[in-house]
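Chemist: Input: one structure, supplied below.
The values are calculated or read from the model by the stated rules, or taken from the named source; none is laboratory data. A quick note: this is a predicted structure, and the numbers were derived from the prediction, not measured. FYI the Cβ positions are ideal-geometry reconstructions off the backbone, even for glycines, and counts take in every protein chain you see. Protein only, heavy atoms only, side chains kept; ligands, DNA and RNA dropped before computing areas. Shrake-Rupley method; radii C 1.70, N 1.55, O 1.52, S 1.80 Å.
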Amino acid sequence: MSCQALQVIVRNGPAEENQRQEESPLKLRSTVLVAILAGCSTTHGTGGSGSDPAPGSQPATKKELPWIPVFGGRMKTTLFYGPWQCRQEFMRTCQRECARVMGCMWLADIKLDWEGRLVVPPLPVKAGSRYGISHCCCDYPKLSPDKKEAERKRWENFRTSFRKDWSKKFGDWPEEEGVAWPGHHIRDLHHGGDPVDPSNIIPVEPSVHTVFNKAYPACYGGQAPWNTVGPNLPYSDN
């Protein structure tokens, strides 16, 4: 084997090597980042999708959270925000999930970086992976105003404990001038999203949250650009 690290995600099942996931990392209750060393004194894993940014891609809005201690080292979470047109594999997922696909939005990427040391041999290692957060705008029925308001109340009662739990796993819940960022429901409450499912909620910068909320009606309306496929990697990290 060549002098390199294999970056692996272990999630209650088979390992998946250095891939961008199609589901929220909040489902990964016991995610462990493992770097396997092969004949090197140091290793540097970058994670990611394996794709180069599309021509003309612009830097994404991003938020880096502080390093937190985890098993065997420390981990940092970086949030990248769209929305972007869905890549082909995300759109295919929607075609399987929906009776009728109106559109698809790639909302965000969550990048996890891990640093630690091997015991034998005693060497520093780095690894990472990246998770794509997308939403299928299926032809879902809309909730009545009363039902939607009841679901929102459930979220408001759940919000504080959810943020504390999220912060323990990924770093402090982001704030802007002392005010916590909104928690965005990936499948929106208006179309039956679960208000208290941790895998359905991500922190979103307020200005980006406004953009998301404006884009959802267009996606459910089958409007461009959400009804067509976009590039594999529509943004740059810088």
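Chemist: Over the alpha-carbon set of the stretch 40-186, divide Rg by the Kirkwood Rh and report the Rg/Rh ratio to two decimals. It would help to have the intermediate numbers written out before the result.
Modeler: Values: Rg = 19.0 Å, Rh = 18.3 Å.
Value, to two decimals: 1.04.
Chemist: Of the cross-linked pairs 63/168; 169/214; 142/214; 148/168; 63/169; 111/148, which ones have a Cα-Cα span greater than 20 Å in the structure shown?
Modeler: Over 20 Å apart, Cα to Cα: 169/214; 148/168; 111/148.
Chemist: On the protein heavy atoms, probe 1.4 angstrom, tell me the percent of accessible surface of the stretch 87-164 carried by carbon and sulfur. Spell out each step's value before the answer.
Modeler: Numbers: 2050 of 4130 Å².
Looking at the stretch 87-164 in its full context, I get 50 percent from C and S.
Chemist: Taking a virtual spin label 7 Å from the Cα of residue 62 along the C-beta vector, which residues in the stretch 129-146 bring their backbone nitrogen under 14 Å of it?
Modeler: Correct set: 129-131.
Chemist: Give me the accessible area of residue 190, 1.4 Å probe, in Å² rounded to the nearest 10.
Modeler: Spelled out: residue 190, probe radius 1.4 Å, area about 60 Å².
Chemist: May I pose another question? Kirkwood Rh, Cα Rg: Rg to Rh for the stretch 108-238?
Modeler: 1.04
Chemist: Arrange the residues 187, 154, 117, 130 by how much accessible surface each exposes, largest first, with a 1.4 angstrom probe. Working shown, then result.
Modeler: On the way: 187 75, 154 105, 117 145, 130 15 Å².
Sorted descending by solvent-accessible area, the residues read 117, 154, 187, 130.
Chemist: Another question about this same structure. With labels modelled as points extended 7 Å from the Cα through the Cβ direction, what inter-label distance (nm, one decimal) is found for residue 180 paired with residue 51?
Modeler: Label at residue 180, label at residue 51, 3.3 nm between them.
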